[in-house]
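Colleague: The structure that follows is given in the form of structure tokens.
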Amino acid sequence: MPVPSVEAGMTTPQRSLWPPLAVLALLGLAALLLSVTLGSAALSLGDVWAVVRGEGSSLARTLILDLRIPRSLSAFAVGGLLAVAGALMQVLLRNPLADPYVLGLSGGASVGALAAMLAGLGGAVITGSAFAGAFLSTLLVFGLAHGTGSWTPSRLLLTGVVVAAGWGAVITLMLAISPAERLPGMLYWLMGDLSYSRSPWPPLALLLTICLLLLPLGRSLNVMARGPLQAAALGVNVRPLEWTIYLVASALTATAVTTAGSIGFVGLVVPHMLRLVLGNDQRLILPACALAGGTLLVLADTLARTMIAPEQLPVGVITALLGVPSFLFLLYRSR
Amino acid sequence: MNRLEIRELVVDVPGRRNGQALTLSVEPGQVWGVLGPNGAGKTTLLHTLAGLRGPRAGQVLVDGRPLASLGRRQVARSLGLVFQERHDGFPATVRETALIGRHPWLSVWQMEGGEDLRLAEAALERLDIAHLAERLVSTLSGGERQRLAIATVLTQAPQIWLADEPTNHLDLHHQSAVMALLAEQAAEGRAVMMCLHDLNLAARWCDHLLLLYPDGEACWGPAESMLVPAALERLYGQRLATAEIDGAPVFVPVR
């Protein structure tokens, strides 16, 4: 009996998972290299190689090891976190329009960060305050959506949208009453800005851990995407899985937002683009999101640093400007 | 043994007083039909039997073991349910959809292999939709989707089949083909229970019937003893005319 052929988009046999991931990993590596060589002072690949071998001028060493590599890695981690969080939220809410911010997470984080800035505090306090805000928003939305009955995707979505609108009003209020000299910093934070990011290792470690943790859950997530009753009938423990997705996506988003402010579009656009090209097998989509989201944000941040150097643009503007047309194009071309 | 036992079961139909407790056993080889008017609780009964919702009272036993004591995965290995409604939020192909029936049989680290793919292809073939394997589910007609839902459960290969109006949206030929498939599953030693709206399909293909009245009353037994025009007229609140074709009764609503 002839073995059925394996068409594109069919992700059944094991081997078909690896080629796309390998391509995405290479693209990510290339983007990281590019971002390290480009900047207000351009460096050649030779300079980078020299520094990696422990040679090169002290200026090049500082530039590469202390500034560009940490920042590029932060960008990669944040992009990956947002894209994976978006893909998870979309499965949880069974709504392809869900994104990591849809449940008011970025609003809560923004209010926390802006409050710290308004109080004139800086650095680690902003980060801590943003994380607390994101966490508070998560609890608020989940607690309220739970209400007296069971939570349904539409109820969770509505609660999140309304809570997000509330945070939006608080943000506008804070911007209106804040002194003029603090405004640029606050606006940059709201648009997403990687110059605030500290060590890239915590978000990178989280991204890797979560990707490994999600690996065995992939097929259950595929079944979950067909609805909770169908999933339960096929042997999935629906409620614990939903909790896991929700908590994981919240932690990912909170970490991303506290590292780099609220950066839009990555969590919505990246999973979508990948689904249009690779199909909807979460075992492939989730790691692919980590790689592609990271790559996209590294490129966007490189553009944000170099377009009007030495001035910088908020990276959120770039992700939107890159993401919107490419997304619309893919959607237009898809069947 | 692939027996589905129901003991003193009171189904939790929202907004209704406790109905009559059901005690019956769907034996391997039997085809049970559940008949009743809209809102009588047929779907709720099937969901309760599949463990998707709890009963108000009583027990469901799969192979002599209480459903509540079994893990979801274990249940999914012995019991399959064809849903009446289905939602698809994300695009998926017909083949991928049939293949999710293998979920309860694979460990978390396992990918679907050649054998799983072969089972899915065979199920699609059996339901006459193999030529649609690459199509997106959202582009299918209602009847094709219905057949895909049955193919998914066929891929799941349960020993107990529960089917919620399996002939919905199907043309006449495929109605017969699907009923023949379910009868064949029973003949191979599996237990089958389905909700039906078509009295004549029930009369032709089911060997046992469960009648659910809207007030919670119920009666059950071998088909020939249940297909009494007076009882059926009371069940649906509709006068019926009866004829006989090929030795099976045929019921037609009277104007």
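Any read-out appearing in this document is the output of simple, stated calculations on the displayed coordinates, not a laboratory observation. Quantities reported herein were computed from a predicted structural model and do not represent experimental measurements. Methodologically, a virtual Cβ is constructed for each residue, glycine included, from the backbone with ideal geometry; neighbour enumeration extends over all protein chains shown.
Colleague: I'd like to compare B:21-28, B:226-233, A:292-299: which one has the highest average count of other Cβ atoms within 10 Å, and what's the full order after that? Walk me through the numbers before you get to the answer.
Modeller: Working: B:21-28: 17.5, B:226-233: 15.8, A:292-299: 29.2.
Most protected by this proxy first, the peptides run A:292-299, B:21-28, B:226-233.
Colleague: Normalized C-alpha radius of gyration of region A:17-333, against 2.2 N^0.38 Å? Please list the in-between numbers first.
Modeller: On the way: Rg = 19.7 Å, N = 317, 2.2 N^0.38 = 19.6 Å.
Here the answer is 1.00, to two decimals.
Colleague: Restricting to DSSP loop positions (anything but H, G, I, E, B) with no more than 10 other Cβ atoms inside 10 Å of their own Cβ, which trypsin sites (Lys or Arg not before Pro) remain in region A:25-109?
Modeller: Numbers: sites: A:Arg53, A:Arg61, A:Arg68, A:Arg71, A:Arg94; in loops: A:Arg53, A:Arg94.
Sites meeting the loop and neighbour criteria: A:Arg53.
Colleague: May I pose another question? If R0 is 51 Å, what FRET efficiency do you get for A:Arg53 and A:Leu247 from their C-beta distance, rounded to 0.05? List each step's numbers first, then the result.
Modeller: Working: r = 43 Å, r/R0 = 0.84.
For R0 = 51 Å, the calculated efficiency reads 0.75.
Colleague: Take peptide B:102-111, look around each residue's Cβ out to 10 angstrom, count Cβ atoms belonging to other protein chains, and average those counts. Don't skip to the end; give the middle numbers.
Modeller: Values: counts 3, 9, 5, 2, 2, 2, 6, 4, 3, 11.
Across B:102-111, the average partner-chain Cβ count within 10 Å equals 5.
Colleague: What's the average, rounded to a whole number, of partner chain beta-carbon atoms within 10 Å of each residue's beta-carbon in B:76-83?
Modeller: Numbers: counts 7, 1, 0, 2, 2, 5, 1, 5.
Counting Cβ atoms of other protein chains within 10 Å of each residue's Cβ and averaging gives 3.
Colleague: Once you list every other residue whose beta carbon is under 12 Å from the beta carbon of B:Asp207, what net charge do they have if Lys and Arg are +1 and Asp and Glu are -1?
Modeller: Values: positive: B:Arg204; negative: B:Glu27, B:Glu224.
Combined, the nearby Lys, Arg, Asp and Glu give -1.
Colleague: Moving on. Could you work out how much longer the chain between B:Asp215 and B:His169 gets when fully extended? Use 0.36 nm per residue separation minus the Cα distance between them, nm to one decimal. Walk me through the numbers before you get to the answer.
Modeller: Values: separation 46, 0.36 × 46 = 16.56 nm, distance 2.80 nm.
This chain segment gains 13.8 nm when fully extended.
Colleague: If you place +1 on the Cβ of every Lys and Arg and -1 on the Cβ of every Asp and Glu, how big does the dipole about the Cα centre of the protein assembly as shown come out, in debye to the nearest 20?
Modeller: Numbers: 41 positive and 40 negative charges, 208 e Å.
About 1000 debye.
Colleague: Let me have the 222 nm mean residue ellipticity of the protein assembly as shown computed from DSSP H runs of 4+ only, each contributing -39500 (n - 2.57), with the sum over all residues rounded to the nearest 500. Walk me through the intermediate numbers first.
Modeller: On the way: 24 runs with 319 residues, N = 590.
Here the helix-only value at 222 nm equals -17000 deg cm²/dmol.
Colleague: Using a simple charge model, +1 on the beta-carbon of Lys and Arg, -1 on the beta-carbon of Asp and Glu, nothing else, what dipole does chain A show about its Cα centre, in debye to the nearest 20? Write down the numbers at each step before the final one.
Modeller: Working: 17 positive and 11 negative charges, 132 e Å.
The calculated dipole for chain A is roughly 640 debye.
Colleague: Which residue, A:Leu190, A:Gly56, A:Ser106, has the largest displacement toward the positive end of the dipole of region A:17-333 when charges sit on each Cβ (Lys, Arg +1; Asp, Glu -1)?
Modeller: So the residue furthest toward the plus end is A:Ser106.
Colleague: Just counting partner chain Cβ atoms within 10 Å, what average do the residues of peptide B:133-145 show around their Cβ?
Modeller: Working: counts 3, 3, 0, 1, 1, 0, 1, 0, 0, 0, 0, 0, 0.
The per-residue average across the peptide is 1.
Colleague: Out of the DSSP beta bridges found with both residues in chain B, what percent are antiparallel (nearest 5)?
Modeller: Details: 23 of 40 bridges.
Beta bridges within chain B, antiparallel portion: roughly 60 percent.
Colleague: Note down the net charge around B:Gly247, summing +1 for each Lys or Arg and -1 for each Asp or Glu among other residues with Cβ under 15 Å from its Cβ. Each step should come with its number before you reach the end.
Modeller: Values: positive: B:Arg204; negative: B:Asp207, B:Glu224, B:Glu244, B:Asp246.
Counting the neighbours of B:Gly247, the net charge comes to -3.
Colleague: Along the positive direction of the dipole of chain B (beta-carbon charges: Lys, Arg +1; Asp, Glu -1; about the Cα centre), which of B:Ile160, B:Val82, B:Asn38 reaches farthest?
Modeller: About the Cα centre, the residue reaching furthest to the positive side is B:Asn38.
Colleague: GNM on chain A, C-alpha springs below 10 Å: top fluctuator among A:Met117, A:Met224, A:Met307?
Modeller: Maximum fluctuation in the GNM of chain A, among the listed residues, is at A:Met307.
Colleague: Pulled fully out, how much extra length does the chain show between B:Ser225 and B:Asn38, if you take 0.36 nm times their separation in residues and subtract their Cα-Cα distance? Each step should come with its number before you reach the end.
Modeller: Working: separation 187, 0.36 × 187 = 67.32 nm, distance 2.29 nm.
The span from B:Ser225 to B:Asn38 would gain 65.0 nm if fully extended.
Colleague: Another question, if that's okay. Compute the Rg to Rh ratio over the protein assembly as shown from the alpha carbon atoms, using the Kirkwood formula for Rh, and round to two decimal places.
Modeller: Checking Rg against Rh, the ratio lands at 1.08.
Colleague: Would you mind giving the average projected area, over all directions, of the Cα convex hull of chain B in nm² with one decimal?
Modeller: Numbers: hull surface 58.0 nm².
For the Cα atoms of chain B, the hull's average projected area reads 14.5 nm².
Colleague: FRET efficiency for A:Leu330 and B:Gln59, Cβ-Cβ distance as r, R0 = 35 Å, nearest 0.05?
Modeller: On the way: r = 52 Å, r/R0 = 1.49.
FRET efficiency, A:Leu330 to B:Gln59: 0.10.
Colleague: Just A:Phe135, A:Phe265, A:Phe76 to compare: in a GNM of chain A, with alpha carbon springs under 10 Å, which one fluctuates most?
Modeller: A:Phe135
Colleague: Would you look at the GNM of chain A, springs on alpha carbons closer than 10 Å, and say which of A:Gly86, A:Gly264, A:Gly56 moves the most?
Modeller: Of A:Gly86, A:Gly264, A:Gly56, the Gaussian network model singles out A:Gly56 as fluctuating most.
Colleague: Using the beta-carbon distance between A:Leu321 and A:Leu26 and R0 = 25 Å, what value does 1/(1 + (r/R0)^6) give for FRET efficiency, to the nearest 0.05? Before the final figure, lay out each step's value.
Modeller: Working: r = 25 Å, r/R0 = 1.00.
It comes to 0.50.
Colleague: So for region A:17-333, taking the charge dipole from beta-carbon charges (+1 Lys/Arg, -1 Asp/Glu), which of A:Leu328, A:Leu215, A:Gln230 sits furthest toward the positive end?
Modeller: A:Gln230
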